[in-house]
Amino acid sequence: DIHAPFRQLHGSVGPMKIRVPNAIQGGLLSRFVDSTLFRLFAMITILLNGLFLAVAADTQVRHALSQYEGHLTVDKASPPWIERTRLVFFGLFVTEILFRMMAHGLSFWLG
């Protein structure tokens, strides 16, 4: 039986019926991740990242055009603040996904 090892760990296993341990399922992190505040923070972060991507693309195109036209002699692809801001958003998104994975365990992956 393919599900035997999982039955030993989690009790019963069936289609989409994997039980998550109660300590994780109803814990403080789980309640925080499922809170309106956390969801609002994630949504605002996504919107701000979209706005940042538009500004960064515009800045990089203007920078490339200035280099092409000879107004800029510096050989940099983009200003340093763009890379720093990208790293901040990357860190926020990685933190969000890690919190969700820790809070929901297997149900995060299996729906």
- Message: When the residues of segment 56-101 are narrowed to those that are of a type in the set (Lys, Arg) and open to solvent by 70 Å² or more (accessible area, probe 1.4 Å), which ends up modelled with the lowest pLDDT?
- Response: LYS76
- Note on the structure: For segment 82-98, pairs from a residue that is free of Cβ contacts under 8 Å to residues at least 60 places away in the same chain to a residue that is open to solvent by 80 Å² or more (accessible area, probe 1.4 Å) and among the aliphatic types (A, V, I, L, M), with Cβ under 8 Å and 6 or more apart or across chains, are PHE89/LEU48
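The values are calculated or read from the model by the stated rules, or taken from the named source; none is laboratory data. Everything quoted here is computed from the prediction, not taken from an experiment. Note that we place each Cβ from the backbone using ideal geometry, even for glycine, and neighbour counts take in every protein chain shown. Remember, those area values only see protein heavy atoms, side chains included, never the ligands or the DNA or RNA. Shrake-Rupley method; radii C 1.70, N 1.55, O 1.52, S 1.80 Å.
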